[in-house]
Amino acid sequence: NLARGVPINADMMYTGDLFTLLNPYGILGGLTTTVVFILHGANFLGLKLEGELRERANLFAKRIWIAASILYIALSASTYAAGFWARGIVNPGSIPITALVALLVTGTFLNNKKEGWAFIMTSMNIVLTQVTFFSMIFPNVMISSTNPAWSLTIHNASSSQYTLTVMSIIALIFVPVVLAYQGWTYYMFRKRVSTDRKSLVY
């Protein structure tokens, strides 16, 4: 819906209702996002499990990959056909094509049971999709379907200079702490999980 545009008035207020958001394009985007992230999670499970559990995760990932690919292609075609990709001042170029290729190649790695590469490909797809989205609406943050001049941009929707300064300082302090903690937890739980009780003893 952010790419399609939502009704916003001159006071930067949303003037639609719930059903305004439940349009075919918005629903397709929601379904695509959900299924792609389910696939991404299934790939992660394939990395963390072994034995029968790994096989089940791999089989599920193969099945959900088909649905993710179909939905992603449909969403990409709809976005291109509607011209939503040209609403900003930045042309995403080949980035969306690379994102699509990464998703399609995921199936090959799943068939070869290379969950690590499959996880990398879905990660790349997610990141490049976000880059594509924000590139094609930049400098807008939320496009107004009522009047493009009433769209929220990085300029009129940003916080004050003082707020941005304070939040930047807080982020510089705590983001490294969070990253270090996350890295430590991933290191501690780096081994695969199996149904063997002995392997569950740390």
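The values are calculated or read from the model by the stated rules, or taken from the named source; none is laboratory data. Not measured: the values here are computed from a predicted model. With ideal geometry, Cβ positions are generated from the backbone for all residues, glycine too; neighbour counts draw on all protein chains shown.
Working only within region 111-143, note down all residues that are of a type in the set (A, V, I, L, M) and at pLDDT below 95. Walk me through it before giving the result.
Residues of region 111-143 that are of a type in the set (A, V, I, L, M), as a first pass: 118, 120-121, 124, 126-128, 131, 136-137, 141-143.
Of everything in region 111-143, those that are of a type in the set (A, V, I, L, M) and at pLDDT below 95 turn out to be V131, M136, I137, V141, M142, I143.
For the list (1) in a helix (DSSP H, G or I); (2) in contact with a strand residue (DSSP E or B) (Cβ under 7 Å, 6 or more places away or on another chain); (3) of a type in the set (G, A, S), I need the number of the one condition that G107 fails.
In the conditions (1) in a helix (DSSP H, G or I); (2) in contact with a strand residue (DSSP E or B) (Cβ under 7 Å, 6 or more places away or on another chain); (3) of a type in the set (G, A, S), G107 misses (2) alone.
Answer yes or no: is there a residue in region 73-86 that is at pLDDT below 90, outside any loop (DSSP other than H, G, I, E, B), of a type in the set (V, I, T) and out of contact with any strand residue (DSSP E or B) (no Cβ under 9 Å at 6 or more places or on another chain). Spell out how you get there, then give the answer.
To start, the set of residues in region 73-86 that are at pLDDT below 90 comprises 79-86.
Now drop any that are not outside any loop (DSSP other than H, G, I, E, B), which leaves 79-82, 84-86.
Then drop every residue that is not of a type in the set (V, I, T), which leaves 79.
When the remaining residues are screened for being out of contact with any strand residue (DSSP E or B) (no Cβ under 9 Å at 6 or more places or on another chain), the result is 79.
Yes - at least one qualifying residue is present in region 73-86.
Against the definition (assigned to a helix (DSSP H, G or I), within 30 Å of V193 (Cα to Cα), without any contact (Cβ under 8 Å) to a residue 40 or more places away in the chain and not aromatic (F, W, Y)), how does L59 come out, yes or no? Spell out how you get there, then give the answer.
Details: assigned to a helix (DSSP H, G or I): yes; within 30 Å of V193 (Cα to Cα): yes; without any contact (Cβ under 8 Å) to a residue 40 or more places away in the chain: yes; not aromatic (F, W, Y): yes.
Answer is yes for this residue.
Search region 69-89 for residues being surrounded by 13 or more Cβ atoms within 10 Å (Cβ to Cβ) and of a type in the set (V, I, T), and hand back the single one that is farthest from P24 (Cα to Cα).
Selected residue: I73.
So in region 30-52, with the set limited to residues that are buried (at least 20 other Cβ atoms within 10 Å of the Cβ) and touching a residue at least 24 places away in the same chain (Cβ under 8 Å), which one is farthest from the chain's Cα centre (by Cα)? Break it down into steps so the answer makes sense when it comes.
Restricting attention to region 30-52, the residues satisfying the condition of being buried (at least 20 other Cβ atoms within 10 Å of the Cβ) are 32, 36, 39-40, 42-43, 46.
Add one more test, that the residue is touching a residue at least 24 places away in the same chain (Cβ under 8 Å), and what stays is 32, 36, 39-40, 43, 46.
On the way: T32: 10, V36: 8, L39: 12, H40: 10, N43: 15, G46: 20 Å.
Result: G46.
Can you give me the number of residues within region 5-27 that are buried (at least 16 other Cβ atoms within 10 Å of the Cβ) and under 30 Å from A61 (Cβ atoms)? Quick ask: steps written out before the conclusion?
Filtering region 5-27 down to residues buried (at least 16 other Cβ atoms within 10 Å of the Cβ) leaves 5-6, 8, 26.
Next cut, under 30 Å from A61 (Cβ atoms) only: 26.
So the answer is 1.
Yes/no per residue for (1) of a type in the set (S, T, Y); (2) more than 30 Å from I154 (Cα to Cα); (3) without any contact (Cβ under 8 Å) to a residue 12 or more places away in the chain:
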position	(1), (2), (3)
G83	no, no, yes
P96	no, no, no
V101	no, yes, yes
E115	no, yes, no
I120	no, yes, yes
S123	yes, no, no
